[in-house]
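The values are calculated or read from the model by the stated rules, or taken from the named source; none is laboratory data. Please read these numbers as outputs of a predicted model, since none were measured by experiment. Positions of Cβ are generated from backbone atoms using ideal geometry, with glycine treated the same way; all protein chains shown enter the neighbour counts.
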């Protein structure tokens, strides 16, 4: 019989993305085998994560504010180009920044459209994206979602809803592009190397 305390921890881990019950059980037993100091460090880190990290009010990138800041360092940098790169999640933004091949701004969409769900859009930040485009009026919007089936369908949808905003007066026309074929179909930006991302950016269309 599994003690209820262990069951509770397994349930918590099972709610994590891509974590099944078997993996959650391993996590719970691993924690059980740690000394009290190590467990406390983990708990303190989780509390600190919620207390000290904010989501940027423009791009939704997690960052550590110095005072009462609501905008991350990337969005505050006035030297950044007036292009807007739409990515699926935070790890995609971090990977692209690591390569130093893109010097514009970002927007984290928050996922892909899941057409099998009752509410396909889920928690996607579609309305927020439209507001950012209207306010920023970027020269170019780069749709940089993963080239999977759902990623491609999501980019099709985003391009469609942004088209009316992009096709304004001639002086305000916004170019909408996608990453080139540097990324293989089904690949993920998070795991792409620097050269692959560079080629994908150069080949965007």
### Lone unmet requirement of (1) under 19 Å from the mean Cα position of the chain (by Cα); (2) modelled with pLDDT of 95 or more for residue 11
(1)
### Task
Check off (1) touching a strand residue (DSSP E or B) at 6+ places or on another chain (Cβ under 7 Å); (2) part of a loop (DSSP other than H, G, I, E, B); (3) under 19 Å from residue 136 (Cα atoms) for residue 65 and give me the number that stays unchecked.
(3)
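Of the residues 111, 104, only one is within 17 Å of the chain's Cα centre (by Cα) and at positive phi; which? Spell out the reasoning first.
Values: 104 fails: at positive phi.
Answer to the check: 111.
Can you work out which of the residues in the range 30-44 that are free of Cβ contacts under 8 Å to residues at least 24 places away in the same chain and over 30 Å from residue 89 (Cα atoms) is surrounded by the most Cβ atoms within 10 Å (Cβ to Cβ)? Reasoning before the result, please.
Narrowing the range 30-44 to residues free of Cβ contacts under 8 Å to residues at least 24 places away in the same chain: 30-31, 33-44.
From what's left, over 30 Å from residue 89 (Cα atoms): 33-37.
Numbers: 33: 8, 34: 12, 35: 8, 36: 7, 37: 7.
Ranking the qualifying residues of the range 30-44, first place goes to 34.
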